[in-house]
Amino acid sequence: MKMATLLQPVRGTKDLIGEDAARHFHVIETARRVTRLFGFSEWQTPIFEDTKVFSRTLGETSDVVTKEMYTFEDRGGDSVTLRPEGTAGICRALITGGLTQTLPQKVFYAGPMFRYERPQKGRYRQFHQIGIELLGAASPLADAEVIAAGWRILNELGVAKDVVLNINTLGDAASREAYRAALVAHFSAHADKLSEDSKLRLEKNPLRILDSKDEGDKALVENAPLIYDHLTEEAANFYNGLKSSLAAFGVPFAENPRIVRGLDYYNHTAFEFVTTALGAQGTVMAGGRYDGLVEQMGGPNVPGIGWGAGIERLSMLIEPPQAAAQPVIIIPMGGESEAPALDILNTLRAANIAAEIGYSGNAKKRLERANKSGAAYAVLVGAEIKLKNLTDGSQDDVAPATLIERLRG
Ligand code: ATP
Ligand code: MG
């Protein structure tokens, strides 16, 4: 007999089943609930976009654009890309949806992202993010509120104790210009020791070197100049405003001058919630301010601030969520009891009580299965109707009219 080859999931992808699924959806539901509390509404944009949505915005020297994008030509000859992150698509939707006149917009999203990376613990090719974007607010109060919403989610997920918030400023255009010059001077003096990637970054975007994962680069980064010494008065005021607003929201933070974020569109605020509990994959939630992005995409000048968080990494940190209560199992005691059993099944479901009926087997088999299922109750439908407590084995007759009341306890 010829055996068909066993089909495997694509490298770097993963099925969500059982407890993995329960963890994943618990993260999304928690974020959905908290962001609603903070006044955000959920959007969903397509998982693929015109390649230019990302290539024009994420930065030509960013890791994502240089080596991680899933880009292909579709059958019509158009270049499309599976989204590697959420912000660019939300900004594209803000513009094409004509929403740049009704600001601010407070957006929550959840869904798959795609990056061609080397798969390892906490790093996949299809992974998932939750994220928020606050579009149309220029004050550091908005940055603090966006961060506070993230902090609340981490608290409600029970992982805040393992996580530290690092914040930094990237300044405004003038600060960056001055800082860029200082960085070029510093790294040029050691250009021979830079990685090949960073030599290119030195020409195109020296700030990016601060985010390098190369060990040699990291040593040079340690002595690099700090942006704090190059901030304009306005940028320094913004950063101070952020820090006092974070304090007002009760969010603890540490300042870390090395945080620049992996994408080019950020200015002023940059931040990461990091943990030591996941080895090298320590960033669980990260974001910043991106005031130039919407304009860069062809829209008006709309400031923005947001973050994205990896659901897989959060799922690994949380305790297993409490399993939902198992449905009540309805058991017909003989063939003639099928019809009344279905009546009871329908009545319970109509009353929003989760109920199930087996598809085959005699009463004994069905009762065995009910016992194994983890359900708390079975309803035995024969000449009488009996409610059986599967936890202690007791059972008693129950009138159909009182069944719902009994099950609601
Ligand atoms: P890293 O430094 O770990 O590569 P990044 O800077 O590329 O992260 P972002 O682009 O800021 O990450 O994405 C936000 C979050 O999405 C990350 O903090 C992480 O939790 C998650 N994330 C990013 N890439 C992956 C991936 N390949 N697999 C799983 N989660 C990921
Ligand atoms: Mg990355």
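The values are calculated or read from the model by the stated rules, or taken from the named source; none is laboratory data. These numbers come from a predicted model, not from an experiment. Cβ placement follows ideal geometry from the backbone for every residue including glycine, while neighbour counts extend to all protein chains displayed.
Worth a mention:
- Once region 45-73 is narrowed to residues that are within 12 Å of ligand 1 (Cβ to nearest atom) and under 25 Å from GLY97 (Cα atoms), the residue that is surrounded by the fewest Cβ atoms within 10 Å (Cβ to Cβ) is GLY59.
- Some residue of region 162-172 being under 21 Å from ARG32 (Cβ atoms) and more than 16 Å from ligand 2 (Cβ to nearest atom): yes
- Output for region 88-119, where each listed residue is part of a helix (DSSP H, G or I) and within 17 Å of ILE132 (Cβ to Cβ): ALA88, GLY89, ILE90, CYS91, ARG92, ALA93, LEU94, LEU99
- Put simply, of GLU42, GLU85 the only residue that is touching a residue at least 60 places away in the same chain (Cβ under 8 Å), closer than 26 Å to ARG289 by Cα and surrounded by fewer than 16 Cβ atoms within 10 Å (Cβ to Cβ) is GLU42.
- Among the residues examined, ALA324 does not qualify as within 16 Å of ligand 1 (Cβ to nearest atom), of a type outside the set (Phe, Trp, Tyr) and at pLDDT below 95.
- In region 80-124, residue farthest from ligand 1 (Cβ to nearest atom) [restricted to those that are more than 17 Å from MET297 (Cα to Cα) and of a type in the set (Ser, Thr, Tyr)]: THR102
- Residue within region 111-131 that is closer than 21 Å to THR35 by Cα, more than 16 Å from ligand 2 (Cβ to nearest atom) and either touching a strand residue (DSSP E or B) at 6+ places or on another chain (Cβ under 9 Å) or of a type in the set (A, V, I, L, M, F, W, C) (or both) present: yes
- Sole residue being without any contact (Cβ under 8 Å) to a residue 24 or more places away in the chain and either assigned by TED's automatic domain parsing to the domain that holds ARG125 or closer than 27 Å to GLY150 by Cβ (or both), chosen from GLU312, GLU295, GLU319, GLU338: GLU295
- Taken over region 219-241, the criterion of being assigned to a helix (DSSP H, G or I) and in contact with a Ser or Thr (Cβ under 6 Å, 6 or more places away or on another chain) is satisfied by HIS230, ALA235, TYR239.
- Filter pass, GLY76 being surrounded by 13 or more Cβ atoms within 10 Å (Cβ to Cβ) and either within 16 Å of ligand 1 (Cβ to nearest atom) or free of Cβ contacts under 8 Å to residues at least 24 places away in the same chain (or both): no
Each row is one residue, and each column tells you yes or no for (1) away from ligand 1 (no atom under 16 Å from the Cβ); (2) closer than 22 Å to GLU145 by Cα; (3) in contact with a Cys (Cβ under 7 Å, 6 or more places away or on another chain).
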site	(1), (2), (3)
ILE167	no, yes, no
LEU183	yes, no, no
LYS204	yes, no, no
ILE209	no, no, no
PRO225	yes, no, no
LYS243	yes, yes, no
LEU246	yes, yes, no
VAL251	yes, yes, no
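- Residues in region 376-393 that are surrounded by fewer than 18 Cβ atoms within 10 Å (Cβ to Cβ), touching a strand residue (DSSP E or B) at 6+ places or on another chain (Cβ under 9 Å) and over 18 Å from GLN326 (Cβ atoms): GLY382, GLU384, LYS386.
- Flag if ALA370 is in a loop (DSSP other than H, G, I, E, B), within 41 Å of the chain's Cα centre (by Cα) and surrounded by 11 or more Cβ atoms within 10 Å (Cβ to Cβ): no
- Test: residue in region 268-275 that is at negative phi, aliphatic (A, V, I, L, M), within 14 Å of ligand 1 (Cβ to nearest atom) and in contact with a Leu (Cβ under 7 Å, 6 or more places away or on another chain): yes
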